[in-house]
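Novice: Before anything else, here's the structure in question.
The values are calculated or read from the model by the stated rules, or taken from the named source; none is laboratory data. Keep in mind that what you see is a predicted model, and the values were worked out from it rather than measured. Positions of Cβ are generated from backbone atoms using ideal geometry, with glycine treated the same way; all protein chains shown enter the neighbour counts.
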Amino acid sequence: MLSISAKTRYGLAAIFELAKHYGTGVLQIKNIAEETNIPKYYLEQIFNRLVHHGIIKSVRGNKGGYQLADAPGNITLFQVLEILEGGVDISSKLQVQALANVFYNVEQDIKKRLTVSLEDIVFEQQKLEQEINFCI
């Protein structure tokens, strides 16, 4: 089964929270952890990695927290996946070239679909929530 790790699922959920609140200041990690139901200590490890790679930035101090390092429109899901998961590699170890070619094309399709920006994801979620509220 092809799947992403819990680390990446948590990282995507947390970075989505940062994208939703972009431009409103920093978010404290305890609030993000509560909102996303992610253990705080695990989220700290994920955020350290994302800070190290320049996707988010940490603001120290009493009113400190985390925020995106760039606008949500400039950060893609693939960038986050690459940092947390190490990218997508399902073809490089295949010994049969014809199979490697098929899986290489699958990799390219995955990468293409994951180049969607965080801004697009936030917008899509807002649309879905409006549809749900409208139906109730």
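Novice: Within the stretch 124-136, track down each residue that is in a helix (DSSP H, G or I) and either at pLDDT 95 or above or over 23 Å from F47 (Cα atoms) (or both).
Specialist: Matches in the stretch 124-136: E124, Q126, K127, L128, E129, Q130, E131, I132, N133, F134, C135.
Novice: Taking E34, is it part of a helix (DSSP H, G or I) and free of Cβ contacts under 8 Å to residues at least 12 places away in the same chain? Show your work before the answer.
Specialist: Numbers: part of a helix (DSSP H, G or I): yes; free of Cβ contacts under 8 Å to residues at least 12 places away in the same chain: yes.
Yes: the conditions hold for E34.
Novice: Here are E124, E129, E85: which of them is closer than 24 Å to N31 by Cα and surrounded by 11 or more Cβ atoms within 10 Å (Cβ to Cβ)?
Specialist: E124
Novice: For the list (1) part of a helix (DSSP H, G or I); (2) touching a residue at least 12 places away in the same chain (Cβ under 8 Å), I need the number of the one condition that E82 fails.
Specialist: Of the numbered conditions (1) part of a helix (DSSP H, G or I); (2) touching a residue at least 12 places away in the same chain (Cβ under 8 Å), the odd one out for E82 is (2).
Novice: Could you run through the stretch 88-121 and say how many residues are in a helix (DSSP H, G or I), at pLDDT 95 or above, surrounded by 14 or more Cβ atoms within 10 Å (Cβ to Cβ) and of a type in the set (G, A, S)?
Specialist: 0
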